[in-house]
Amino acid sequence: MMTETTPVRQLYPRQKEFLERLTNRHEPYMDGLTIRVPTDVILPTHEIAVVSIDGGAHDERYTLGDGGQIFRSLDIQNYHISLTVRRAVERVARSRGMQVIGNELMTNPVSADQVIPYIPHVAEVMREAMISALSKVARNERLMLRHRIGAILNRISGEANVTPDFRMQGSTTDRYKFDFSVMTAKHKRLLLDAPIPDPSSIAATILRQSDVRLLHLQDVKQVIAYDPSDHWPSSNLAQLQLANVPLVNVDQLEGMLQR
């Protein structure tokens, strides 16, 4: 879970002016002393990017940011906010002239004339930062799932019979890398993939599983294992079935191998 750290909020004298100017295009609203501005940018989590405006009490300097939306959204969806994920957000922020303070993506203080032109910039940085964060979350989830499946396979079949990252040519001239190859007690080779609910992971799994299936090899069996705790939408599971190989809940994998 994330640790909440909120910068000190200050009342600024031009909030009514900003609200009036923003109303022409957006539907801004007050949240305490903060102006929240819904934008036209849609985040990868299918949320609207909402930009926050704070400050102005001293020298009329203002700060814009995400109000903690990026990390809060990841937390609500039960993603682990690791140091790797946080650094991914920080890298995007620095490259676009922003910074991460506590759990908030923020600009450096700007003048009153820069506030409204900065709003689309901040929203776009939010989108880029969320994409970067989710790519790290997906990678971490995949590594954890592979480790879990590897432990199951080693326990059931013996480590000597389990080969991670096994390469094999399909019905075309392409060679594919499967997550695991397992030599079973019946001298069959089991090709196992463990995708995550990410479009590129799903597409790659369907491609290699389908291509090898077209070889019709009697001594090769295929299976796709998924972890239901990875928030799989039913549409994504339906896509995996297009490979036309057994689709197994990872919790049932051990029982399947023992049969």
**Item:** Residues being surrounded by 17 or more Cβ atoms within 10 Å (Cβ to Cβ), assigned to a helix (DSSP H, G or I) and more than 18 Å from the chain's Cα centre (by Cα) - total across segment 61-113
**Value:** 0
**Prompt:** Counting only residues that are touching a residue at least 12 places away in the same chain (Cβ under 8 Å) and either loosely packed, with under 15 Cβ neighbours inside 10 Å or not assigned by TED's automatic domain parsing to the domain that holds A204 (or both), which one in segment 170-184 is nearest to M256 (Cα to Cα)?
**Reply:** T184
**Request:** Specify the residue that is nearest to I48 (Cα to Cα); the eligible residues are those in segment 108-138 that are among the charged types (D, E, K, R) and touching a helix residue (DSSP H, G or I) at 6+ places or on another chain (Cβ under 8 Å).
**Result:** E128
**Fill in**
All-but-one check, A133 against (1) in the same structural domain as R87 (by TED's automatic domain parsing); (2) farther than 27 Å from L74 by Cα, failing number (2)
**Subset of segment 114-154 that is farther than 15 Å from A194 by Cβ and modelled with pLDDT under 90 - its residue that is farthest from the chain's Cα centre (by Cα)** = K136
**Fill in**
By residue number, the members of segment 49-76 that are within 20 Å of A133 (Cα to Cα) and out of contact with any helix residue (DSSP H, G or I) (no Cβ under 9 Å at 6 or more places or on another chain) are G67, G68, R72, D75, I76
**Asked** Could you say which residue among V245, V212 is surrounded by 13 or more Cβ atoms within 10 Å (Cβ to Cβ) and in contact with a helix residue (DSSP H, G or I) (Cβ under 9 Å, 6 or more places away or on another chain)?
**Response** V245
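Are any residues in segment 134-169 hydroxyl-bearing (S, T, Y) and not in a strand (DSSP E or B), and if so, which ones? Can you show your working first?
Residues of segment 134-169 that are hydroxyl-bearing (S, T, Y), as a first pass: 135, 157, 163.
If the condition is that a residue be hydroxyl-bearing (S, T, Y) and not in a strand (DSSP E or B), then S135, S157 are the ones that fit.
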**Test result for D193, acidic (D, E), under 29 Å from R86 (Cα atoms) and buried (at least 17 other Cβ atoms within 10 Å of the Cβ)** = yes
**Prompt:** How many residues, within segment 16-50, are within 12 Å of D66 (Cβ to Cβ) and touching a His at 6+ places or on another chain (Cβ under 9 Å)?
**Reply:** 2
**Prompt:** Just checking, how many residues over segment 29-60 are crowded, with 17+ Cβ neighbours inside 10 Å and on the phi > 0 side of the Ramachandran plot?
**Reply:** 2
**Request:** Say whether the condition of being in contact (Cβ under 8 Å) with a residue 60 or more places away in the chain and at positive phi is met by at least one residue in segment 132-141.
**Result:** no
**Request:** Return the total of residues in segment 215-228 being surrounded by 11 or more Cβ atoms within 10 Å (Cβ to Cβ) and touching a helix residue (DSSP H, G or I) at 6+ places or on another chain (Cβ under 9 Å).
**Result:** 7
**Item:** Residues that are buried (at least 20 other Cβ atoms within 10 Å of the Cβ) and over 17 Å from D40 (Cβ atoms), drawn from segment 114-123
**Value:** V115
**Request:** Just one of (1) more than 27 Å from R142 (Cβ to Cβ); (2) without any contact (Cβ under 8 Å) to a residue 12 or more places away in the chain; (3) outside any helix (DSSP H, G or I) trips up H46, so point out which.
**Result:** (1)
**Item:** Close pairs from segment 193-204: first over 20 Å from V182 (Cα atoms), partner modelled with pLDDT under 85, Cβ under 6 Å, at least 6 apart
**Value:** I196/A138; I196/E141; I196/R142; I196/D230; P197/D230; D198/A138
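The values are calculated or read from the model by the stated rules, or taken from the named source; none is laboratory data. Computed from a predicted structure; not experimentally measured. Virtual Cβ from ideal backbone geometry, glycine too; neighbours counted across all protein chains shown.
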